[in-house]
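What follows is a short report on a single structure.
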Amino acid sequence: MAPSCGAAVPYTLLGALLSGGSYAPSWPACGGRAFLRDYARRGTNAMLWLGLLAVTWVLLRRIAALLRLWALGSRLPGPPALLADPGLAAVCRAGGDITGYLSKLHGSFGPIVRLWLGPSQLLVSVKDASLIKEMLTKAEDKLPLTGRTYNLACGRLGLFISSFEKVKSTRESLNVFLNGKLNVAASKSSFKIIEAVLHRTNSTKDMDSLDCRSFSQHMAFNIIGAALFGDVLFDWSDAAAYEELLMAVAKDGCFWASYAVPPFWKPGYRRYRTLCTKLKTLTESIIRKSIDQNGELRHNNLSSCKISEGVVKDPVRCTSLLDGMISGRGFDGAVQGPLSSEEEICGNIVGLMLHGISTSANLLCNILTRLVLFPKLKDQLHADIVAVHTESSELVMDDVLKMQFVLATVCESARLLPAGPLLQRCSMQHDLTLKSSITIPAGAILVVPLHLVQMDASIWGNDACQFNPSRFLQKDIDLGGILAAHKGSNGIKLFTERDKSDSFLPFGSGNRACVGQKFAVLGISMLVASLLHSYEVCCDNCCA
Ligand code: HEM
């Protein structure tokens, strides 16, 4: 009996071919089209099944991760587990004091507290110095929101993003680059920076009513910009527009990045994206200028390799961060083409400008405000500066390293006013086991409430909340430690006393610590010293 049409048709195209013609007689009877139709139907079904299995697999994995988060999270001390902590929600709604709320919780539950921000979001706050050190060493990832914010503003970049693996090598290159910048450029630049800022503010408004915040921001822009682009920044006609654009992009980045799906339908978002594109174009323009007019980047990179020979043996690695920019050819590619490593370099530069300006401006403003509020501080700083820096000589980095009171003032200001209230980390892939008994599940948001730690009276003494730079002198600032940076970071070893050094965290700690720490402390000290050496700093109506 002849096989029925359906039965005769092989199930797969491969089956038909492999059957070696045994089905051949039925083909003409059923028609090649029927076979192909059936084949397509079965193929589609198979694809749908595969898709369904994949989605189910992903969902099951998510559910397993969620159950794990709930199980491990509930074991940590904290207020009763609810969908979202109502106390924190109330504090946030009132635009209130998160540090104050965490302080109460730490008072009740101890050095580790967990809070549920939602069914799938667990926040763990750590306050104990030794636990913090362990946590910051083991938790190597940044929060995905931080990475998304920088990605949105800067495009593709190899710094500030979540995964430690992806930022490791760029961090190391940047570390070497910034060390070289300190040795080569800072001493000459500081007076130029001050002059450029005064020139700019003079041309726009009355010098007598200079706003401290804007002044600090201009100084920060110029010190980071001069380090990255060289002196060409000072003659660039678009410098002011570039600074404004950077600040505008920095202001709203976190808000727009908090959307899970980019809200293209919102005019505000489209305006923000336009600003980011303009920022990228201007960054490319200043990089080009820097390469074309001065060859500054190439020159300084190579010099820095020679200068820091003791630290870095391989000169090729010295230029790796800015390789693409240094070779004008490579950068041209980035301007014309889609994503490339050159685009990443441009993204890194924008990221560094955004982060470096906001943090350094914050610190500078804090110091300048204290200078005007406390004339005695100004006198002490002045005495420290003139003791080292004579009128005739040029101020150099070695001089700044001798100005212990200036360095102590910068560090004490950073202690009292860190860049943000919380240091944030997470471990995306692995659970964290602290002190071998506390397990924090992967994906939890880890925070260190900096004000609580850096103003903890049990560590810093009864005057923990007061401004007292001398506390940094009592324990001897280890200036040798400032120059001995460990791999991928610029650690400043300030205290011989362990608890204090683990509780001084304005620049973070561990593998994701601030790479610009040494650059910021020494650069800002240099600026303050240069400013006080040559100018009178005072507030409106109080200058003699
Ligand atoms: C007063 C000035 C500054 C403050 C207070 C500051 C603070 C910080 C903090 C708190 C972190 C995170 C640390 C952690 O998670 O442990 C960080 C990271 C970082 N900072 Fe700074 N910073 C300053 C200036 C700078 C400057 C001038 C640069 C470079 C030009 C810089 C480059 C970086 C980089 C590259 C990272 C880490 C990026 C990563 O691992 O993905 N910072 N900074």
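Rule-based calculations on the coordinates, nothing more; no lab input. Predicted model only: the values in this text are computed from it and were never measured. No Cβ is skipped: glycine too gets one built from the backbone with ideal geometry, and neighbour counts run over all protein chains shown.
Once you've got the Cα coordinates, tell me which of 104/142; 127/192; 138/378; 168/266 are over 31 Å apart. All intermediate terms of the calculation are to be shown ahead of the outcome.
Values: 104/142 26 Å; 127/192 42 Å; 138/378 41 Å; 168/266 36 Å.
The pairs that break the limit, which is 31 Å between Cα atoms, are 127/192; 138/378; 168/266.
Arranged by the count of other C-beta atoms within 10 angstrom, fewest first, what order do 236, 70 take?
On the way: 236 19, 70 16.
With the sparsest Cβ surroundings first, the list reads 70, 236.
Please list the non-local residues whose amide H lies under 5 Å from the amide H of residue 432, H modeled 1.01 Å from N, same-chain partners needing a gap of 5 or more.
So residue 432 has HN proximity to 440, 442.
Apply the Karplus parameterisation 6.51 cos²θ - 1.76 cosθ + 1.60, with θ equal to phi minus 60°, to every residue of the range 102-109 and state each ³J(HN,Hα) to the nearest whole Hz, in sequence, with x for glycine and proline.
5, 4, 4, 5, 5, x, 8, 10
Using θ = phi - 60° and the Karplus relation 6.51 cos²θ - 1.76 cosθ + 1.60, list the HN-Hα couplings for the range 283-290 in order, rounded to whole Hz, with x at every Gly or Pro.
Once θ is set to phi - 60°, the couplings for the range 283-290 become 4, 4, 5, 6, 5, 4, 4, 4 Hz.
For the range 407-424, what does the Karplus curve 6.51 cos²θ - 1.76 cosθ + 1.60, with θ = phi - 60°, yield as ³J(HN,Hα) per residue in whole Hz, taken in order and with x for Gly and Pro?
Each residue of the range 407-424 in turn: 4, 5, 5, 4, 5, 5, 5, 5, 5, 7, 9, x, 4, x, x, 10, 8, 10 Hz.
What ranking do 85, 399 get, fewest neighbouring Cβ atoms within 10 angstrom at the top? Provide the component values of the computation, followed by the final result.
Numbers: 85 22, 399 18.
Least to most surrounded, the residues fall as 399, 85.
Between residue 48 and residue 288, how high is the FRET efficiency from 1/(1 + (r/R0)^6) when r is the Cβ-Cβ distance and R₀ = 56 Å? Nearest 0.05.
Details: r = 52 Å, r/R0 = 0.93.
Between residue 48 and residue 288 the formula returns 0.60.
With a 10 Å Cβ neighbour count serving as the proxy for reagent exposure, in which order, fewest first, do 61, 114 appear? Spell out each step's value before the answer.
Details: 61 10, 114 23.
Listing 61, 114 from fewest to most nearby Cβ atoms yields 61, 114.
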